[in-house]
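A quick write-up on the structure given underneath.
The values are calculated or read from the model by the stated rules, or taken from the named source; none is laboratory data. Please read all numbers here as calculations on a predicted model, not as lab measurements. With ideal geometry, Cβ positions are generated from the backbone for all residues, glycine too; neighbour counts draw on all protein chains shown. To get the accessible areas, we keep the full protein, side chains included, count just its heavy atoms, and leave off ligands, DNA and RNA. Shrake-Rupley method; radii C 1.70, N 1.55, O 1.52, S 1.80 Å.
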Amino acid sequence: MSTLLSFAPVVADFPWWGVVLIVAAVLLVLLAIFLPIGTYFMAAVSKAHVSMSRLVGMKMRRIKYKQLVDVYIRARKAGLNIDISELESHVMAGGNVSNVVNALISAHSANIQLSLQSAKAIDLAGRDVLNAVRVSVNPKVIETPVISAIAKNGIELRVKARVTVRANISRLIGGAGEETIIARVGEGIVTTVGSSETHKEVLENPDSISKTVLKKGLDAGTAFEILSIDIADVDVGRNIGAQLQMDQAEADKRIAQANAEERRAMAVATEQEMRAHTQEMRAKVVEAEAEVPRAMAEALRSGKLGIMDYYNMQNIQADTAMRNAISGDKKEDKK
């Protein structure tokens, strides 16, 4: 208690402006902690002014304002007349503002017409706008896989091409990609080789493929502009025509064999049917011959057949049997 009483005169003698200074110092420290003063001064020194209220708003919206201000300063230093609010809206839309600004700087340096709105739209569409600008400045070479094509004489040619393309900035949104270019070039190669009379024509003038393919306007509707198509390699493959002829001959052979087998089966069935019919007729003949003695006996009893008629019939049968026996012996002698 005595100690507190001893400090009382000192506090009473402390001037009021000192208290104000202490409070002001505390407020300044708090402002330095919560306000992006360092970023504000960095932008001001770089001649890329950003208001404190905008910086505070970015911080409250949880935007990485330091990175955004760095990108904005880089754009202003490169001579781009853009507003930081447009970059902020692009960040909030989920875009890559660093890629957009770098693409704008590269396009500005190369005298390529590319607006901020176009760059933002390309980036939000999922395209790499920075890579597109680089490909527009430095053309890209797309190497196609080995494409198999067949000339009219049936010889297979395996062609490999290199396509030099340049990005078309105006068609990046909605334009087809590299896969379409490769597919169209492959289609053109197959058409050109297929229209050649012989494979030797293609081997003698491989540049005819490039000329024919370039005339087709294969870059229509794509995000690229084809500058040249160079044939890297042409190899002779199989004789597809001969192989197809062999396959066709084998198929014709199998068809003929099947038809012959069908005819043979029909002949066998017809023969069996005739045999069955012959056996049926023989059975009927045997059955009829078995009725002859009965009929003769009945005729003798009824008096319709005399004894001499019976003996004459016996003689005729004996004579017929003798003739059959003689003819059978002659046939065996001939054999």
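Any residue that is within 21 Å of Thr212 (Cβ to Cβ), loosely packed, with under 15 Cβ neighbours inside 10 Å, of a type in the set (A, V, I, L, M, F, W, C) and within 19 Å of the chain's Cα centre (by Cα) - is there at least one of those in segment 139-146?
Keep residues of segment 139-146 that are within 21 Å of Thr212 (Cβ to Cβ), which gives 141-146.
Filter once more, so that each one left must be loosely packed, with under 15 Cβ neighbours inside 10 Å: 141, 143, 145-146.
Now restrict to residues that are of a type in the set (A, V, I, L, M, F, W, C): 141, 146.
This time we only want the ones that are within 19 Å of the chain's Cα centre (by Cα), so: 146.
Scanning segment 139-146 turns up at least one residue that is within 21 Å of Thr212 (Cβ to Cβ), loosely packed, with under 15 Cβ neighbours inside 10 Å, of a type in the set (A, V, I, L, M, F, W, C) and within 19 Å of the chain's Cα centre (by Cα).
If you check every pair at least six apart or on different chains, which have Cβ atoms under 7 Å apart with a residue in segment 178-191 that is hydrophobic (A, V, I, L, M, F, W, C) first and a residue that is modelled with pLDDT under 85 and in a helix (DSSP H, G or I) second?
So the pair list comes out as Val185/Val213; Ile189/Ile209; Ile189/Val213.
Does any residue of segment 247-269 turn out to be out of contact with any Cys (no Cβ under 8 Å at 6 or more places or on another chain), farther than 30 Å from Gly174 by Cβ, open to solvent by less than 100 Å² (accessible area, probe 1.4 Å) and part of a loop (DSSP other than H, G, I, E, B)?
Checking segment 247-269: not a single residue is out of contact with any Cys (no Cβ under 8 Å at 6 or more places or on another chain), farther than 30 Å from Gly174 by Cβ, open to solvent by less than 100 Å² (accessible area, probe 1.4 Å) and part of a loop (DSSP other than H, G, I, E, B).
Testing Asn153 on (1) open to solvent by less than 20 Å² (accessible area, probe 1.4 Å); (2) at negative phi; (3) touching a helix residue (DSSP H, G or I) at 6+ places or on another chain (Cβ under 8 Å), one condition comes back false. Which one is that?
Here Asn153 meets the rest and fails (1).
In segment 157-190, how many are open to solvent by less than 10 Å² (accessible area, probe 1.4 Å), closer than 13 Å to Val202 by Cβ and outside any helix (DSSP H, G or I)?
3
Please state which of the following conditions Lys216 fails to meet, knowing it meets all the rest: (1) without any contact (Cβ under 8 Å) to a residue 40 or more places away in the chain; (2) surrounded by 12 or more Cβ atoms within 10 Å (Cβ to Cβ); (3) farther than 28 Å from Arg127 by Cα; (4) of a type outside the set (Ser, Thr, Tyr).
Evaluating Lys216 over (1) without any contact (Cβ under 8 Å) to a residue 40 or more places away in the chain; (2) surrounded by 12 or more Cβ atoms within 10 Å (Cβ to Cβ); (3) farther than 28 Å from Arg127 by Cα; (4) of a type outside the set (Ser, Thr, Tyr) leaves (3) as the failure.
What do you reckon, is Ile122 at pLDDT below 85, over 43 Å from the mean Cα position of the chain (by Cα), open to solvent by less than 20 Å² (accessible area, probe 1.4 Å) and within 30 Å of Asn138 (Cα to Cα)? Step through it out loud before you land on a result.
Working: at pLDDT below 85: yes; over 43 Å from the mean Cα position of the chain (by Cα): no; open to solvent by less than 20 Å² (accessible area, probe 1.4 Å): yes; within 30 Å of Asn138 (Cα to Cα): yes.
Spelling it out, it is not the case that Ile122 is at pLDDT below 85, over 43 Å from the mean Cα position of the chain (by Cα), open to solvent by less than 20 Å² (accessible area, probe 1.4 Å) and within 30 Å of Asn138 (Cα to Cα).
Against the condition surrounded by fewer than 18 Cβ atoms within 10 Å (Cβ to Cβ) and over 30 Å from Ala121 (Cβ atoms), how does Gly194 come out, does it pass?
yes
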